[in-house]
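Undergrad: Following this message is one structure expressed as structure tokens.
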Amino acid sequence: MAVPMQCDISQKEIAGDAAEASQVLTHNWYFSRKEIELQSPSRSDGIDYKKEEHLRKLYCAFLQELGIELKVPQVTIATALMFCHRFYMRQSHAKNDWQTIATACMFLASKAEETPRWLGELVVVAYKLIYKSDPSASRRIREIYDKQKELILIGERLLLHVLAFDMNIEHPYKSLVVALKRLDITHKDLVKVAWNFVNDWLRTSLCLQHKPHYIAAGSLFLATKIMKVKLPTSKGKAWWMEFDVSPKQLEDVIQQMMSLWEHSQNQSRSQSQTTALKDEKVTKSPIRTTSNSVKKEAFEKVLDTSRETTNAQTSDTGSGVSVVEDGDIGEPVTVKSDLRSSCKIVSVGGILGKSQVVDVNKIREKLKNRNLIKTMKRKRVEEGMDDYGEDWIERELENGIVLQSTHPEKQRNI
């Protein structure tokens, strides 16, 4: 049975956090890269940067999915993401369950962006998303519905105190749209790529390091590089001047973006390669597989032999499918031939051993003798002669008859 959402929150902690927030009164929510990687509260509780990055990805993905299920605008989702990022720059992951805090962030963001959702609806949707692999979650929510509502409300109060009641969030979307209009950019694919980059950077620590217009400028620049589009100028001004950014700081932002994007691309390639290898192992035979080159070589040998043995013996079933046994591999390879073909050829590599080769001349001679016998027999029937007459037997003995045996080495002529 899945454990319900929990949050290490008490009234004393809320009071303590409120006092701390009032002392700090921080409206500067931008941090250096060193502060984010080495000096976050989670680091002092033994959570390394890699683990914290993993947790950041988890709550960002959860908030995106939760916002889609609640049908709130992307701006509301972005605000919830920023609330969560800021919270964990003041509080530790070790003491605050990210699922509860993320749900509270969405509840507060829906109010801040004037797209409110009912608390009951939020609790039910969030709980089902957290335990979507558990089919009994929809029934269990009825039992803990009131407790979950109370938990989210406590989380919201803690969130407000940690954020110092600062709910004024600026997003890169506005700066991007204004710059696109001023630069008269109507390239739909370019705008879409730049917009998606903004969404991606809001899931990273970049939004904690740089102001929104820097992220918007870097996203547009990276989109033009990918789409191979040259940015225009507006009234003789460089494109980046429309964002009110300095070239040096913009260069730092773009370098971080390029590094993150390349890392993401490498991860995607490695995942696709791993998936391809797994698929290949599944489709590949676990016992023994005949290579295409071996099959092709066997097929060509059969064709060459069949050309030399035209008018050969017809199989008993009259089938136009011949079986070639590859002596080196030991696996039969079926070769489909024309239905008009009357040739049935079996390599002796799989019967008598690898060292023996079919003697085409002997086969041809035996077939000629057999055809001659059939011809003479047909003539005698037409002339009304006895097929088993002594004269016919004597003539056939002069030509020689091969006695068939199950063991080829015991065959002899009489």
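The values are calculated or read from the model by the stated rules, or taken from the named source; none is laboratory data. Computed from a prediction, not measured in an experiment: that's the story for all the values here. In this analysis, Cβ positions are derived from the backbone assuming ideal geometry, glycine residues included, and neighbour counts consider all displayed protein chains. Calculation scope for accessible area: heavy atoms of the full protein, side chains included, ligands and nucleic acids excluded. Shrake-Rupley method; radii C 1.70, N 1.55, O 1.52, S 1.80 Å.
Undergrad: Determine the order of Arg56, Arg269, Arg142, Arg364 by accessible area, beginning with the largest, at a probe radius of 1.4 Å.
TA: Accessible-area ranking of Arg56, Arg269, Arg142, Arg364, largest first: Arg142, Arg269, Arg364, Arg56.
Undergrad: Additional query: For labels at Ser136 and Asn28 in the simple 7 Å Cα→Cβ model, what's the distance in nm?
TA: So the two model labels end up 5.3 nm from each other.
Undergrad: Segment 26-166: percent of C-alpha pairs farther apart than 27 Å?
TA: For segment 26-166, the fraction of Cα-Cα distances above 27 Å is 20 percent.
Undergrad: Within the set Lys51/Lys111; Lys188/Lys228; Lys181/Lys248; Lys57/Lys147; Lys71/Lys132, which residue pairs have Cα atoms separated by over 22 Å?
TA: From Lys51/Lys111; Lys188/Lys228; Lys181/Lys248; Lys57/Lys147; Lys71/Lys132, over 22 Å: Lys51/Lys111; Lys181/Lys248; Lys57/Lys147.
Undergrad: Tell me, what is the per residue accessible area of segment 110-220 in Å², probe radius 1.4 Å?
TA: 51
Undergrad: If I stretch the segment between Lys192 and Asn369 completely, what's the gain in nm (0.36 nm per residue apart, minus their alpha carbon distance), one decimal?
TA: 55.6 nm
Undergrad: Between Val178 and Asp146, what FRET efficiency follows from the Cβ-Cβ distance if R0 is 41 Å, with the result rounded to 0.05?
TA: Between Val178 and Asp146 the formula returns 0.35.
Undergrad: Now for a separate question. Can you give the extra length, in nm with one decimal, that the chain gains between Asn199 and Leu260 once fully stretched, where that is 0.36 nm per residue apart less the Cα-Cα distance?
TA: 20.6 nm
Undergrad: Please give the Cα centre distance for segment 112-163 versus segment 222-253, rounded to the nearest Å.
TA: 42
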